[in-house]
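First the structure, in the form of structure tokens, and then the observations on it.
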Amino acid sequence: MRIYLVSPTHRLPDGSLLKTTRYWTSALTLPYLEALTPKRHEVVMVDELFSDVDLDFECDVVGIGAMGPQIRRAYDLADAFRARGKKVVLGGTWVSLAPEASLAHADAVIVGEADLVWKTVLEDLEAGKSRGIYRADRWIEMRDWPTVDYAKLPLLKWDAFRTSAAYRMYFHWPLVFSRGCPHPCSYCAVQAYYERSYRTRPPESVIEDVRTIKRYGGERLLFLDDNPVAHPDAAKEMFAALIPEKVRWASQCTINIARDPELLDLAARSGCMSLSIGLESLDAESLADVDKKFNKPSRFQEDLAKLRAKGIRVIALMMVGLDHDDPRTFERTLRFLIDAKIPLVKFFTPCPYPGTEYHDEMKAAGRIREADWGRYDYGAALVEPLSMTPEEMLGLFQTTYKKFYSLGSIAKRFWPPPPGHPLETLGYLVANLKTNRFLAKRPEAWGTIS
Ligand code: B12
Ligand code: SF4
């Protein structure tokens, strides 16, 4: 069979599709699905962020996933393909947490990891049948990770990679060490999807991917993990194995990394340049509301200083508009981020992803304001705030974003520069100036900055 794998983009409020010509990384999902596909089938992939989806593409099966507000677009594309007689399979995080709703738009839905069921789904569709919702009865063993063809990363621009040193610094090659997260944060789709399970790959298998990437000339990596340090001993083993590879890497992780000196030291020595860390809130009560009590705001300054001293840049992820937040919270958060010399920040308004505990709580309280999942980005008032009006919350979200990326704030945060890696600091400075421009030009797209 011929299989068309699609990663959709989403629509902006004016109805246009969000497109871009450059991106700093690429998901692994489509090449990974290709690696799981029996070789007798042909696979063609498209990421709609860069390329147009061809609704008349000659194929037998279309596989579509979605990451957030892309779900609306995924459903629309699925309906359009089915109207043209194609069989459609939907999968991925969002689909897995809303399988029945997704099945209304597909011939088959895969809940959870596709690894153990993808082949069966394809066989069934080839035989003209479908069981509807497919769910593996167990998580995969991480040592069985398939070999992904890195030459086919959908968002890697090979011409630019060969010709531009700036692009080589900008593009981060994706790889994975762990899956899942054991923490209970109630708004988090990852812990809901993985049911708080956590697994890590054997370091030697990750190192094989690192060497493949290096053979292509890549030396900047992005761990797609949500929390690679959840099992500190496994993470220490992984970081130690990375040291001789002399790469630079970035990842997401929890602030807990700052509280284990050996782990932090190994991360820095293995080439960790930056970490996206969900600090989420300076208010312990707001953190408790979303079951993120392991974050201790009283220790944030000290924790961040430790990371900075190791030359690791922290990209702070902050939720604003939680239940114990009021208009003063925004100003306090801004001051804190500037004082801590945070190089980049992403602000999030609360987003009740279907399938999460937070969604169920907000639904039971009658506080969900938006039914259209196509609007579920991080810059919308999806939940009725408690201590301000939705308009006030959105206004403050925008003002805080603008103030953080104002020239005055950039100057304060970048002076004095952090120790080591001056080129890296320059890169972050450029990213700040670009975000400053983006915020002025595209206010409608703030909720989807990634
Ligand atoms: C890389 C990544 C990105 C990249 C690349 C996106 C791209 N277009 O290439 C960037 C940074 C751009 C990004 C952006 C966004 N992302 Co993103 N992203 C990820 C990340 C970190 C890794 C995905 C990945 O490659 N994993 C490795 C592969 C191998 O695993 P996998 O994708 O899980 O796939 C397996 C299964 O899930 C399943 N599966 C997945 N898709 C499909 C599809 C089919 C057809 C089938 C059969 C099976 C299947 O089978 C696979 C094999 O087992 C995940 C976090 C995570 N834990 O997954 C978030 C994640 C998917 N992103 C998320 C979100 C919300 C977004 C944004 C919408 C955020 C925003 N700012 O608005 C944007 C959307 C941008 C866009 N238009 O594409 C959420 C989704 C939440 C949800 N409820 O669905 C996640 C889970 C992060 C999170 N912590 O909440 N993202
Ligand atoms: S620590 Fe991060 S990945 Fe883990 S459950 Fe909380 S938000 Fe999700």
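What follows is calculated from the coordinates using simple rules that are stated; it is not laboratory data. All figures in this text were calculated on a predicted structure; none of them were measured in a lab. Backbone-built Cβ (ideal geometry, glycine too); neighbour counts: all protein chains shown.
A few points about this structure:
- Cross-link partners of Lys39 among lysines, defined as those whose alpha carbon lies under 29 angstrom from its own and excluding same-chain residues fewer than eight positions apart: Lys86, Lys87, Lys119, Lys129, Lys152, Lys157, Lys214.
- Of all beta bridges that DSSP places with both ends in the chain, some 10 percent have antiparallel geometry.
- Anisotropy class of the stretch 295-450 from Cα gyration tensor, a/c 1.5 cut: prolate
- Cα gyration tensor shape for the stretch 1-142, rounded if a/c is under 1.5, else prolate or oblate: rounded
- Computed extension gain for Asp56 through Asp76, at 0.36 nm per residue and net of the alpha carbon distance, reaches 5.8 nm.
- The chain - Cys residues lacking any other Cys C-beta under 4.7 Å: Cys59, Cys181, Cys253, Cys272, Cys351
- 222 nm mean residue ellipticity, helices alone, for the chain (DSSP H n ≥ 4; -39,500 (n - 2.57); rounded to 500): -11000 deg cm²/dmol
- Counting only residues at least eight positions apart within a chain, or on another chain, the lysines with an alpha carbon under 28 Å from that of Lys412 are Lys296, Lys306, Lys310, Lys341, Lys346, Lys402, Lys403, Lys434, Lys441.
- Maximal additional length on extending the Asp14-Ala35 stretch stands at 3.8 nm, based on 0.36 nm per residue less the C-alpha distance.
- Listed by chain and number, the aspartates and glutamates placed with their C-alpha closer than 14 angstrom to that of Lys292 are Glu280, Asp283, Asp323, Glu357; residues fewer than eight positions away on the same chain are left out.
- Shape metrics for the stretch 182-274, restricted to C-alpha atoms - Rg then Dmax, Å: 13.5, 41
- Radius, Kirkwood style, for the stretch 172-448 when every pair of distinct Cα atoms is counted (Å): 19.6 Å
- Choice from Arg375, Arg215, Arg11 with maximal GNM fluctuation in the chain (Cα, 10 Å cutoff): Arg215
- Highest-first arrangement of 422-429, 45-52, where packing means the average Cβ count within 10 Å: 45-52, 422-429
- Cα shape, the stretch 312-401, gyration tensor, a/c 1.5 rule: prolate
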